[in-house]
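Please treat every number below as a calculation from the coordinates, not as lab data. The structure presented is a predicted model; accordingly, all values stated were derived computationally and were not measured. FYI the Cβ positions are ideal-geometry reconstructions off the backbone, even for glycines, and counts take in every protein chain you see.
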Amino acid sequence: MAQARRVKSGKWRIYSGPEFDVVRDPQSGAVAYFTSLQEARRWWQRLQPDDPPLNEAIKCAWCGAYFGRRMSYTTYAGHYYHPEHTPQARNR
Ligand SMILES: [Zn+2]
């Protein structure tokens, strides 16, 4: 299972495996960067044709941070949030 994340520079990277290791270009060995999620998805499809289409990692709908593997999150109205960032929690 792989997921894409947008990094601070605005580029996209792919993470995969049980530890969500960053994916490297098999030819150059360098961390693979992409200018768009679509580009990352096409590249991943060529590399792992049997994988389901690459999607962006789940992130908080309010602050935009991605959830780490061990972080807890909650859903509200079809969106994911940090527990302290749901609309109810912010109105408290
Ligand atoms: Zn948040």
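I'd like the FRET efficiency for Thr75 and Asp25, computed as 1/(1 + (r/R0)^6) with the beta carbon distance as r and R0 of 30 Å, rounded to 0.05.
0.30
Give, rounded to the nearest 20 debye, the magnitude of the charge dipole that the stretch 17-92 has about its Cα centre when Lys and Arg contribute +1 at Cβ and Asp and Glu contribute -1 at Cβ.
300 debye
Given H placed 1.01 Å from N in the peptide plane, which residues other than close sequence neighbours of Tyr76 have an amide H under 5 Å from its amide H?
Distant-sequence amide H within range of Tyr76: Tyr81.
From the helices alone, meaning DSSP H stretches of at least four residues, give me the mean residue ellipticity at 222 nm for the chain, per-run term -39500 (n - 2.57), in deg cm²/dmol to the nearest 500. Spell out each step's value before the answer.
Details: 2 runs with 15 residues, N = 92.
Calculated mean residue ellipticity at 222 nm is -4000 deg cm²/dmol.
D for the chain, whole µm²/s, Stokes-Einstein with Kirkwood Rh over alpha-carbon pairs at 4 °C and 1.567 mPa s: what number?
Rounded, D is 90 µm²/s.
Along the charge dipole of the stretch 1-56, pointing to its positive end and built from +1/-1 on Cβ of Lys, Arg, Asp and Glu, which listed residue (Trp12, Ser28, Trp43) has its Cα farthest out?
With unit charges placed on the Cβ atoms, the residue in question is Trp12.
Under a point-charge model restricted to the Cβ atoms of Lys and Arg (+1) and Asp and Glu (-1), what is the dipole moment magnitude of the stretch 1-56 relative to its Cα centre, in debye to the nearest 20?
The calculation lands at about 300 debye.
Please report the orientation-averaged projected area of the stretch 1-42, defined via the convex hull of its C-alpha atoms, in nm².
About 3.1 nm², averaged over all directions.
Which percent of Cα-Cα pairs in the stretch 35-83 sits in each 5 Å bin, short to long?
In order of increasing distance, the bins hold 5, 19, 21, 15, 16, 16, 7, 0 percent.
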